[in-house]
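Report on one structure; see the data block that follows.
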Amino acid sequence: MDFEFTKEERELQEEVRAFIKKELTPEVLKETEEEGLGDIYGAPEGRKIIQKMGAKGWLASTWPKEYGGLGASEIVAYIISEELGYHGLPFSFVAAHMAGPTILRFGSDEMKKKWLPRIASGEIEFALGYTEPQAGSDLSALNLRAEDKGDYFLLNGTKLFNTACHVADYHWLACRTNFDGPRHKGVSMMIVDLKSPGITISPLITMSDWRTNEVSYEDVRVPKENLVGEKNKGFYYLMTALDFERVLNIGRYRRIFDELVEYTKETVVDGEPLSKKPLIRQKLAQLATEIEVVRLLYYQLAHIMDKGGVPNHQSSMEKTFTAECSQHITSVGMDILGLYGQLKGGSKWVQLKGRMEKLYRNSVVLTIYGGTSEIQRNIIALRGLGLPA
Amino acid sequence: MDYDFNEEQILLKNAAKGFLAKECKPLFVREMEKDPQGITPELWQKMAELGWMGVVFPEEYGGFGGSYLDLTVLLLEMGYSCLPGPFFSTVILGGVTIMESDNEEKKQELLASIVEGKMFVTLALTEATAGYSPERIAVKAIKDADDFVINGTKLFVPDAHWANYIICVARTKEGKNKEGITLFLVDAKSRGLEIDPLETFAGDKLHEVVFNNVRVPKENILGKLDQGWPIIEKVLQKAAIAKCAEMVGGGQRALELVIEQVTEREQFGKKVGSFQAVQHHCANIFTYLETARLMTHQAAWRISEGLPCDREAAMTKAWVSDSCHSLIALAHQAVGGTGFMEEHDLQLYFRRTKAGQVYFGDADFHREVLADVMGL
């Protein structure tokens with residue numbers, strides 16, 4: 001048993017930290033503020049940073065070197081993701097962490113050679129194309145139609161809540177290639193150039209000012225070679241990917257907690273710092289404890305994979321717990337900030353640059369996207385405990 | 001990072017599990033709750049033969065030179081089976097205190113006997129003020145020639161009725177600080193010592209121990225005069241994590257009892273375990289259990305490795321206290337009416353979990369400790 005990093009892992013962690021501190025200059029942060037660091041691909045300077053990381057092999061560190069990875073362990077990949085997330089960068093790149101591993105697992109050799117190096121280098125990014133108006137938790141209800149026209153597919157339909165399509169290069173698309181038979185046996189995965197004629201991307205603004213999209217497909221042509229693996233096997237690929245990539249990073253929420261702790265030490269009310277008040281001490285200690293639990297659940301997934309296993313209910317447990325912990329952090333944070341919590345970034349008298357209220361609004365989606373907490377609890381019960389359906 | 005026990009630890013776990021399944025069945029546990037001794041000499045002897053008392057003591061004192069993590073493996077199984085008796089008090093509160101005190105003479109004299117199962121030691125720490133901080137210690141020990149004379153009352157002392165020696169935590173200097181507290185190894189047959197059992201709700205044999213001019217030679221000081229509290233701090237940390245291991249082991253059995261019930265019982269033509277509300281209770285129970293387990297493993301590992309553990313130990317006792325409480329409450333809800341009956345085993349865990357929550361500092365206490373560690 002060992003709950004600490006090795007010397008090499010700690011050194012890599014330091015290296016990633018130093019790199020991020022150096023690269024996220026005020027100029028870069030200003031540019032990415034428009035998009036938000038999460039949509040860093042949309043910012044030219046931001047993209048350059050991602051490509052520098054790609055050059056170091058950090059985007060897809062677990063891939064074989066021939067595809068641009070470092071052949072590293074999952075622990076290493078998780079350490080890198082944790083650092084990225086803490087600083088507000090995407091901790092999970094769709095191309096490197098969801099599409100890429102699926103291509104690695106199920107794609108043809110040609111597909112691997114064509115796409116993987118460009119993904120690992122950060123040259124290209126994908127956006128997820130799963131959800132539709134009638135297909136959320138029940139993803140197999142998706143019906144964006146892909147008609148087989150011989151040497152290409154013809155696509156028609158609509159995707160909803162597809163994030164980052166406006167800044168990504170390719171759509172990692174789940175579409176329907178078979179309308180007869182069981183729904184989950186008629187889905188295929190395809191790589192679609194988002195600049196293809198017939199694709200219209202319309203913004204949907206969320207309650208946290210973060211942008212997602214409605215994407216409509218009108219007679220969009222997708223070359224046959226862009227089909228991933230076998231036709232009609234897509235749902236199986238997708239579900240397999242989820243077992244490996246369901247991990248939620250606590251990311252910026254851990255950082256806002258650290259900033260909150262400093263705030264309570266520096267803010268004096270009624271003659272003493274807020275951090276001396278018993279109730280605040282209890283709340284901060286509780287949050288710190290939950291964050292430690294998150295750390296153990298997070299790295300457990302990497303440990304399982306490094307030992308050759310597939311995390312299953314453990315992923316659901318990690319995602320749910322981390323989402324709920326993040327919500328606790330911002331809710332308690334808003335309470336501690338009190339009236340100051342209402343002030344938006346840029347306002348006179350604002351504290352913590354208004355990040356608490358922004359993250360508080362953002363925290364609502366955490367227990368919903370990537371598999372709702374209800375779905376995750378079903379998985380824990382059914383697959384983790386073997387309870388009857 | 002490695003989350004797994006090693007091969008020896010897995011063997012130890014399986015052996016302990018098998019042994020306790022045979023020797024410590026729920027009926028035995030219920031009998032021992034009523035029995036004044038709390039354990040049979042036969043069972044105690046068998047545990048000694050397995051070497052359990054010696055797991056965590058060095059070979060030079062007759063032990064097995066195992067780690068705190070090895071002991072944790074045992075404690076998890078003991079919690080699972082609700083093992084009664086003076087193992088926790090003798091080994092952890094008694095033996096570990098002697099180990100931590102660095103008295104070569106006392107270690108030589110006592111540890112080998114503890115390991116053989118022939119010596120019982122307990123710790124008399126808490127008083128009517130019922131707390132684990134130095135301010136709550138008021139029992140006095142006053143110097144008189146080459147002896148110290150102890151006066152006062154200790155409460156909630158586990159297994160004092162078994163003890164050959166009672167380690168008394170007493171004030172040798174006026175005040176409420178941690179400086180000025182001394183540990184005395186008191187012969188349980190001393191004149192002026194009165195031991196009376198308390199009726200408890202979870203089956204633990206706790207006692208009132210009254211010191212009425214009890215004389216203790218200065219050779220029986222563990223550690224140094226006035227410097228006893230730092231030893232107690234270390235012991236309390238280890239005891240708290242050990243109690244967490246028991247609670248997690250108990251939580252594991254509680255979860256199994258729930259699964260047994262909900263996969264068997266049918267209502268409305270379906271297994272109760274197929275209803276989403278019940279499934280979500282079970283998912284929450286499992287999450288509380290697994291997170292409590294991971295935190296306990298980490299703290300136990302850090303203690304084993306001699307790494308600083310103030311932060312993790314405080315977090316763990318707070319987290320496990322709260323989580324096991326919630327876990328048991330949900331378990332009762334999921335099991336339903338059957339689980340409310342005395343003959344169902346869940347009530348054994350219900351009571352023990354609550355007792356465990358409070359021992360060695362409850363969740364609020366440890367969050368305050370953590371706040372200090374965080375520099376708040």
**Study point:** Residues located in region A:280-298, provided they are more than 8 Å from chain B (Cβ to nearest Cβ), closer than 17 Å to residue A:85 by Cα and among the aliphatic types (A, V, I, L, M)
**Key:** A:291, A:294
Study note, to complete from the structure: Within region A:176-195, of all residues that are surrounded by fewer than 15 Cβ atoms within 10 Å (Cβ to Cβ) and of a type outside the set (D, E, K, R), the one nearest to residue A:215 (Cα to Cα) is A:179
Practice item. For region A:299-309, state whether one or more residues are within 9 Å of another protein chain (Cβ to nearest Cβ), in a helix (DSSP H, G or I) and either of a type in the set (Gly, Ala, Ser) or without any contact (Cβ under 8 Å) to a residue 12 or more places away in the chain (or both). Key: yes
Point to revise | Identity of the residue in region A:120-172, under 17 Å from residue A:102 (Cβ atoms), in a loop (DSSP other than H, G, I, E, B) and of a type in the set (A, V, I, L, M, F, W, C), that ends up modelled with the highest pLDDT | key: A:142
Practice item. Using the structure shown, decide if residue B:363 is closer than 28 Å to residue A:263 by Cβ, under 16 Å from the mean Cα position of the chain (by Cα) and either crowded, with 17+ Cβ neighbours inside 10 Å or away from chain A (no Cβ under 13 Å) (or both). Key: yes
**Study point:** Selected residue [more than 14 Å from every other protein chain (Cβ to nearest Cβ), surrounded by fewer than 22 Cβ atoms within 10 Å (Cβ to Cβ), of a type in the set (A, V, I, L, M, F, W, C) and touching a residue at least 40 places away in the same chain (Cβ under 8 Å)] from B:355, B:329
**Key:** B:355
Revision key, fill the gap. When residue B:250 is run through (1) without any contact (Cβ under 8 Å) to a residue 12 or more places away in the chain; (2) of a type in the set (Gly, Ala, Ser); (3) at negative phi, the failure sits at (1)
Check your understanding: What is the residue count in region B:286-299 for residues that are more than 7 Å from chain A (Cβ to nearest Cβ) and either in contact with a Phe, Trp or Tyr (Cβ under 6 Å, 6 or more places away or on another chain) or closer than 16 Å to residue A:374 by Cβ (or both)?
Key -> 0
Exercise for review: Please indicate, with yes or no, whether at least one residue in region B:144-161 is modelled with pLDDT of 95 or more, touching a strand residue (DSSP E or B) at 6+ places or on another chain (Cβ under 8 Å), more than 28 Å from residue B:52 (Cα to Cα) and in a loop (DSSP other than H, G, I, E, B).
Suggested key: yes
Exercise for review: Would you tally the residues in region A:178-212 being modelled with pLDDT under 95 and of a type in the set (S, T, N, Q)?
Suggested key: 3
Review point. In region A:2-28, which residue that is of a type in the set (A, V, I, L, M) and more than 14 Å from chain B (Cβ to nearest Cβ) is nearest to residue B:295 (Cα to Cα)?
Key: A:16
Review point. If we keep just the residues of region A:77-119 that are among the polar types (S, T, N, Q) and in a helix (DSSP H, G or I), which is nearest to residue A:355 (Cα to Cα)?
Key: A:81
Point to revise | Exclusive hit being closer than 25 Å to residue A:324 by Cα, crowded, with 22+ Cβ neighbours inside 10 Å and either among the basic types (Lys, Arg) or away from chain A (no Cβ under 14 Å) (or both), set B:243, B:238, B:317 | key: B:317
Check your understanding: Name the pairs: first residue in region B:1-14 and at the interface with another protein chain (Cβ under 7 Å from one of its Cβ atoms), second residue among the small types (Gly, Ala, Ser) and in a helix (DSSP H, G or I), Cβ to Cβ under 8 Å, at least 6 apart or on different chains?
Key -> B:1/A:302
**Study point:** Filtered residues of region A:372-383 (kept if within 7 Å of another protein chain (Cβ to nearest Cβ) and under 14 Å from residue A:319 (Cα atoms))
**Key:** A:377, A:378, A:380
Exercise for review: Would you point out the residue of region A:310-319, among those that are part of a loop (DSSP other than H, G, I, E, B) and away from chain B (no Cβ under 12 Å), that is surrounded by the most Cβ atoms within 10 Å (Cβ to Cβ)?
Suggested key: A:312
Exercise for review: Determine whether residue B:280 is within 13 Å of chain A (Cβ to nearest Cβ) and in contact with a Lys or Arg (Cβ under 7 Å, 6 or more places away or on another chain).
Suggested key: yes
Review point. Taking the stated definitions as given, is residue B:255 outside the structural domain of residue B:334 (by TED's automatic domain parsing) and in contact with a helix residue (DSSP H, G or I) (Cβ under 9 Å, 6 or more places away or on another chain)?
Key: no
**Study point:** Those residues of region B:58-111 which are hydrophobic (A, V, I, L, M, F, W, C) and in a loop (DSSP other than H, G, I, E, B), in sequence order
**Key:** B:64, B:82, B:83
Check your understanding: Picking from A:371, A:346, A:386, A:333, which residue would you name as being surrounded by 19 or more Cβ atoms within 10 Å (Cβ to Cβ) and not in a helix (DSSP H, G or I)?
Key -> A:371
Review point. Hey, does region A:56-66 have a residue that's in contact (Cβ under 8 Å) with a residue 24 or more places away in the chain and hydroxyl-bearing (Ser, Thr, Tyr)?
Key: no
Point to revise | Lone unmet requirement of (1) surrounded by fewer than 15 Cβ atoms within 10 Å (Cβ to Cβ); (2) within 14 Å of chain A (Cβ to nearest Cβ) for residue B:35 | key: (2)
Review point. What number of residues within region B:129-145 satisfy the criterion of being exposed (fewer than 13 other Cβ atoms within 10 Å of the Cβ) and on the phi < 0 side of the Ramachandran plot?
Key: 4
Practice item. List the number of the failed condition for residue A:199; all other conditions in (1) surrounded by 17 or more Cβ atoms within 10 Å (Cβ to Cβ); (2) within 14 Å of chain B (Cβ to nearest Cβ) hold. Key: (2)
Review point. Could you count how many residues in region A:230-241 are outside any loop (DSSP other than H, G, I, E, B) and buried (at least 17 other Cβ atoms within 10 Å of the Cβ)?
Key: 5
Study note, to complete from the structure: When (1) without any contact (Cβ under 8 Å) to a residue 60 or more places away in the chain; (2) in a helix (DSSP H, G or I); (3) closer than 17 Å to residue A:78 by Cα; (4) more than 10 Å from chain B (Cβ to nearest Cβ) are applied to residue A:322, the one that fails is (1)
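The values are calculated or read from the model by the stated rules, or taken from the named source; none is laboratory data. On a predicted model such as this, the values are computed, not experimentally measured, just so you know. All Cβ positions, even for glycine, are placed from backbone atoms using ideal geometry, and neighbour counts span all protein chains on display.
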